[in-house]
Structures are given as structure tokens and as C-alpha cells.
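Only one structure is covered here, and it is reproduced in the block below.
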Ligand SMILES: N[C@@H](CCC(=O)N[C@@H](CS)C(=O)NCC(=O)O)C(=O)O
């Protein structure tokens, strides 16, 4: 397998999951400003939308969409229960949280807060929406260590996206349980390994 990623982008979640299941995989870093790979070739030839993550399987097929890739990677090692068996309440809870992170967090942050040309009024509306979502997460995480009970791929995804608050100067002090949750996820060896591999920690 080969993971196309950009440091600290949403692809970090898939990177973490690959480490969690002990998968054998290569990585290729993508420069998202130029959509080029390290050898100067165009990433758009591989991923026409220009987005990371992209996972190339050993059969050569290429797949995208973080939430789908996280489900696939979790299924590579069912014994770790990072998603749960199909048809179970655990599976439903994890996929529910994956969809929530994708649509209510990831695609609220991105692209609005990353693009300099975003109007101030849009920025304010986005930050208000995120504040509502963070408050909801904070209330939940006051009673449970992870989103769906035990640790799951939804936590790798939520950790990756909520951590962008740091880069964007959104304080998490009003959300102590959410902050404690990020620290819990960050302490996992797989998270540390993926962050080191992306050059985020030395
Ligand atoms: N729908 C995609 C969106 C992925 C996405 O937004 N990736 C961002 C990085 S977090 C990206 O590659 N942006 C580059 C660009 O907009 O050209 C998914 O959920 O995986």
C-alpha cells in the first residue's frame, strides 16, 4: 500500500490508522500548494481532485475520501476493534462519528479557514459553527474517553481535524474535556509514529 499525504493534513488520520493496525505501507508526500510530488511530477495525474489522502492498494487501485479509507484500514485488523463488525452497534457508532467529523468538522474548517481570501463574515460564521460542535464534543467527552466508547478510527480523524485549531489560533481553553481528549489520543504510540513520520515532532 502507498499513502499519499501532506504533513498535518486530514491524511494524518489515515497515517495514524495504518500505524495502529501495523500495516506495511509506503508514503509519498504531496506539496498541496503546487500539487507536486517530491520528484516534481504532478499529483493531479494521480488524484485529479488534488486532494490527500489517497491510498494506493497493492493491486494498484487508488482510493480517496478519508472516512472511507479509515473504515478500510480499520477492517484490515478486526481484532483491534477500531471500527467493529458490520451490523453491530459499535460499527454504527464509529461510522456515525466518521461522518460527523467529515461533514461537521473537516468540511467546516476546510476550505474556509485555510484560504486567505475567505471573507471575515464567512470566517466568523465558520468559527461560530465550530464553537457549537466543539461544545457538543466537550460535553460528550466529559463522560467518555473516546467518541464511540473505546478508541476507534473516528478518534484518529477527530484528533487530526480538531488539532488544526492550534495552527489557526482557535483557543480550546473553553473545552477542557476536548483538550484532555486530544492529549489522550496524542499519547498513543501510533499517533506519535505518524506525527514523527510527517516531520511534525522530532
Ligand atoms: N473529501 C475529501 C477531502 C480531502 C481534503 O479536503 N484534503 C485537503 C487536505 S486536508 C487537500 O488535499 N486539499 C488540497 C486542495 O484543496 O487542493 C476527504 O474527505 O478525504
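The values are calculated or read from the model by the stated rules, or taken from the named source; none is laboratory data. Since this is a predicted model, take the numbers as computed values, not measurements. FYI the Cβ positions are ideal-geometry reconstructions off the backbone, even for glycines, and counts take in every protein chain you see.
If we scan the stretch 15-34, do we find a residue that is free of Cβ contacts under 8 Å to residues at least 24 places away in the same chain and either on the phi > 0 side of the Ramachandran plot or under 17 Å from the mean Cα position of the chain (by Cα) (or both)? No, every residue in the stretch 15-34 fails to be free of Cβ contacts under 8 Å to residues at least 24 places away in the same chain and either on the phi > 0 side of the Ramachandran plot or under 17 Å from the mean Cα position of the chain (by Cα) (or both). Of everything listed in (1) within 11 Å of the ligand (Cβ to nearest atom); (2) assigned by TED's automatic domain parsing to the domain that holds residue 9; (3) surrounded by fewer than 17 Cβ atoms within 10 Å (Cβ to Cβ), the single unmet condition for residue 99 is (2). Any idea which of (1) without any contact (Cβ under 8 Å) to a residue 60 or more places away in the chain; (2) in contact with a helix residue (DSSP H, G or I) (Cβ under 6 Å, 6 or more places away or on another chain) is the one residue 159 doesn't satisfy? Result: residue 159 fails condition (1) only. With respect to residue 110, determine if the residue is out of contact with any helix residue (DSSP H, G or I) (no Cβ under 7 Å at 6 or more places or on another chain) and in contact (Cβ under 8 Å) with a residue 12 or more places away in the chain. In short, yes.
Residue pairs whose Cβ atoms lie under 6 Å apart, separated by 6 or more positions or on different chains, with the first residue in the stretch 38-65 and within 12 Å of the ligand (Cβ to nearest atom) and the second assigned to a loop (DSSP other than H, G, I, E, B) and at pLDDT 95 or above, are 43/35; 44/35; 44/50; 50/35; 52/6; 52/9; 54/47. Against the test of being outside the structural domain of residue 12 (by TED's automatic domain parsing), more than 15 Å from the ligand (Cβ to nearest atom) and in contact with a helix residue (DSSP H, G or I) (Cβ under 8 Å, 6 or more places away or on another chain), the options 126, 94 yield a single qualifying residue, 94.
Here residue 51 fulfils each of the conditions (1) modelled with pLDDT of 95 or more; (2) over 17 Å from the mean Cα position of the chain (by Cα) apart from (2).
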